[in-house]
1. Please verify whether PHE95 is aromatic (Phe, Trp, Tyr) and surrounded by fewer than 17 Cβ atoms within 10 Å (Cβ to Cβ), treating the condition exactly as stated.
2. Report yes if ARG45 is under 30 Å from GLU149 (Cβ atoms), at pLDDT below 90 and open to solvent by less than 60 Å² (accessible area, probe 1.4 Å), otherwise no.
3. Among the residues of the range 91-115, write down those that are free of Cβ contacts under 8 Å to residues at least 12 places away in the same chain, part of a helix (DSSP H, G or I) and acidic (Asp, Glu).
4. Which is farther than 26 Å from PRO156 by Cβ, under 16 Å from the mean Cα position of the chain (by Cα), open to solvent by 20 Å² or more (accessible area, probe 1.4 Å) and among the aliphatic types (A, V, I, L, M), of LEU16, LEU103, LEU114?
5. When the range 209-232 is examined, which residues are found to be aliphatic (A, V, I, L, M) and either open to solvent by 10 Å² or more (accessible area, probe 1.4 Å) or out of contact with any helix residue (DSSP H, G or I) (no Cβ under 9 Å at 6 or more places or on another chain) (or both)?
6. Filter the range 48-75 for residues that are crowded, with 18+ Cβ neighbours inside 10 Å and either out of contact with any helix residue (DSSP H, G or I) (no Cβ under 9 Å at 6 or more places or on another chain) or more than 24 Å from PRO14 (Cα to Cα) (or both) and give the result.
Amino acid sequence: MADECHILVVEDDPRLRERLARYLAGEGFRVTAAGDAAEARSKLRSINPDLLVLDVMMPGESGLELTESLRRDTQDLPILMLTARGAPEDRIAGFEAGADDYLGKPFEPRELVLRIRALLRRAPPPPPPEAPLAAVRIGGAEFDVERGELRDAEGPVRLTGGEAALLTALARKPNEVLSREEIAEALGMDDAGERAIDVQVVRLRRKIEADPREPRFLHTVRGRGYILKPGI
């Protein structure tokens, strides 16, 4: 998988940027490096990376601001944030901005690689079961469980990797409650805490609900988890 994957590393510390690029290249990834958000934007106009490794604290536009901007532009590029600020509230801020994973500094390079691989595994559809699963109707939209694709009357609805993984997990067991532990496992964020799961749910509701504050399809089951109730 690594030989086919292109990673854009955005880190303002030149020594760390060089070490990351060298280490990831040694793991078989193609790597492009940028020193700040402006350079990253310039490179994104000419390359189509499979994943973005992004420092949060940078001069000028921060990693959080860049992530929010990319998500507003409906880009579903997987984003892994790096920061020396590893408190729970900092991780939550990263997830709220639209990041798919968050790794505090200092970190073991091997853990970074494992997290990258976990994010990249979300992109391809899961192996098909013995019988194809039917598409799930969610109001005026339809979710192809096998492909992880959501479409409404206007065409494809762009989902981030985390949103697609969450909707896939819920749609595979419609009308069944999934615990936060099961959802965390599906998202590969076991250590992120309940709040991070809730953030992903809020983001997904914005894509599938007419009024996210009064959900018709994705419901909270107090003390148990979440349930998807498909329907028209």
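1. Answer is no for this residue.
2. Criteria not met by ARG45.
3. GLU111
4. LEU114
5. Passing the criteria: ALA210, VAL221, ILE227, ILE232.
6. ARG71 - this is the single residue of the range 48-75 that is crowded, with 18+ Cβ neighbours inside 10 Å and either out of contact with any helix residue (DSSP H, G or I) (no Cβ under 9 Å at 6 or more places or on another chain) or more than 24 Å from PRO14 (Cα to Cα) (or both).
The values are calculated or read from the model by the stated rules, or taken from the named source; none is laboratory data. Computed from a predicted structure; not experimentally measured. Every residue, glycine as well, gets a Cβ built from its backbone with ideal geometry; the counts of neighbours run over all protein chains shown. Surface accessibility is based on the protein's heavy atoms, side chains included, excluding ligands, DNA and RNA. Shrake-Rupley method; radii C 1.70, N 1.55, O 1.52, S 1.80 Å.
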